[in-house]
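To start, the structure under review is shown below, and the notes come after it.
What follows is calculated from the coordinates using simple rules that are stated; it is not laboratory data. Because the structure is a prediction, the values reported are computed rather than measured. Positions of Cβ are generated from backbone atoms using ideal geometry, with glycine treated the same way; all protein chains shown enter the neighbour counts.
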Amino acid sequence: MNRQILLKSRPKGAPGLENFELVERPEPEPGEGQFVVRHRFMSLDPYMRGRMSDAKSYARPVGVGEVMQAGTVGEVVRSRHANFRDGDTVQLHGGWQDFALSNGAGARKIDPAAAPIQSALGILGMPGMTAYCGLLEIGQPKDGETVVVSAASGAVGSVVGQIAKLKGARAVGIAGGAKKVEHVKRTLGFDDCVDYRAADFPAKLAAACPKGIDVYFENVGGAVQDAVWPLLNDFARVPLCGLISQYNDETLRPGPDVRSILRRRLTLRGFIVTDFQAKFADFQRDVGAWYRDGRIKYQEDVVEGLANAPKAFLGLLKGENFGKLLVKLP
Ligand SMILES: NC(=O)c1ccc[n+]([C@@H]2O[C@H](COP(=O)([O-])OP(=O)(O)OC[C@H]3O[C@@H](n4cnc5c(N)ncnc54)[C@H](OP(=O)(O)O)[C@@H]3O)[C@@H](O)[C@H]2O)c1
């Protein structure tokens, strides 16, 4: 049987377990030009909150009653496709389920000998690519500049700060809680990290950035953004990657002071990782090498079993994950 997790209803505000439904369906059978993948890992990512909503966005929402979307990694178990053979390891958009049926669109073969297969969903996949392109294409950090990144212990943020350091910048993270702050400083090697939940966070952030901020890699928005904004230097760049603290909001929050965008000649540019598809080979070459030779550290938070996916996803929206959140399937 193929266990699947469906979107049962659309959330209003914060999602809950009642928005998901676990069902069992027969295993899919491949038609001509198709293949079936048995999933080994499934990625849980903040963008999935957006897919649960039918508000206009850059991607089609999941329909009520449809399988939740997710990036997955697994093995081809039955193929009637010319380019994918039984036993191939592939990364695809397989969804929250044990098995996926694919015609090859959006699927890529990965080499299980080159790196742990689940890294294709993290450091060597979409989150790593987001960090690499958002920072280097939009942030463009220069030697000696200060780069600040929020959600710094997470899948994207952890890579942003480490690449900033490799490019000669001073990396300052923002993270929730002492454990994450210590990890960002000690294990990931950022120059500093500030706990946004601690009292006096804006003053502590200012103290950690004595020369102001040249690049702010925005992952969270909200009160963290409010504290960062007054510290931006002239000509600072703000890659607007994510606003996770606002994904459950039902009403629009007032934005940053747009006069400062003019006064400080800021570059504020939103992006979606797929805008940079042409950079995929550069990303694989550079981040692959940094990861393999140990210059980029990378932490995973692995949850066992498909049935635990909804709870783990709800935790991601509250900062309960510690590193790239993945679901391991049997
Ligand atoms: N533009 C793109 O193409 C693209 C692609 C991938 C990801 N993203 C965005 O990048 C951001 C990070 O994604 P990720 O996959 O790397 O996830 P992640 O950082 O591994 O996990 C999410 C983290 O966000 C933080 N967070 C959650 N709620 C928060 C809140 N209310 N206020 C402040 N921080 C909160 C938590 O860290 P703390 O405990 O430290 O708060 C949590 O661990 C998200 O905004 C995501 O939407 C964008």
Have a look at Lys297, Lys311 and point out the one that is closer than 26 Å to Val67 by Cα and either assigned to a loop (DSSP other than H, G, I, E, B) or away from the ligand (no atom under 11 Å from the Cβ) (or both).
Lys311
Quick one: Thr146 ticks every box in (1) under 22 Å from Ala203 (Cβ atoms); (2) within 14 Å of the ligand (Cβ to nearest atom); (3) among the β-branched types (Val, Ile, Thr) bar one, so which box is it?
(2)
Just to be sure before I move on: is Val258 of a type in the set (Val, Ile, Thr), within 15 Å of the ligand (Cβ to nearest atom) and either free of Cβ contacts under 8 Å to residues at least 60 places away in the same chain or within 29 Å of Gly71 (Cα to Cα) (or both) in the structure I sent?
no
Which members of the range 273-290 meet the condition of being surrounded by 14 or more Cβ atoms within 10 Å (Cβ to Cβ) and either β-branched (Val, Ile, Thr) or more than 16 Å from the ligand (Cβ to nearest atom) (or both)?
Val273, Asp282, Gln284, Asp286, Val287, Gly288, Trp290
Out of curiosity, is Lys167 of a type outside the set (A, V, I, L, M), without any contact (Cβ under 8 Å) to a residue 60 or more places away in the chain, away from the ligand (no atom under 16 Å from the Cβ) and out of contact with any His (no Cβ under 6 Å at 6 or more places or on another chain)?
yes
Residue, nearest to Arg40 (Cα to Cα), within the range 128-143, restricted to residues that are within 14 Å of the ligand (Cβ to nearest atom) and surrounded by 24 or more Cβ atoms within 10 Å (Cβ to Cβ):
Gly128
If I ask for residues that are within 9 Å of the ligand (Cβ to nearest atom) and more than 17 Å from Ala169 (Cβ to Cβ), which ones from the range 220-240 would you list?
Val220, Gly221, Gly222, Ala223, Val224, Leu240
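Residue-wise test of (1) surrounded by 16 or more Cβ atoms within 10 Å (Cβ to Cβ); (2) touching a Lys or Arg at 6+ places or on another chain (Cβ under 7 Å).
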residue	(1), (2)
Glu66	no, no
Ser79	yes, yes
Asn83	no, no
Ser102	yes, no
Ala105	no, no
Considering only the range 185-216, how many residues are near the ligand (Cβ under 9 Å from one of its atoms) and under 24 Å from Asp143 (Cα atoms)?
0
Sole exception among (1) in a helix (DSSP H, G or I); (2) in contact (Cβ under 8 Å) with a residue 60 or more places away in the chain; (3) within 11 Å of the ligand (Cβ to nearest atom) for Gly319, by number
(1)
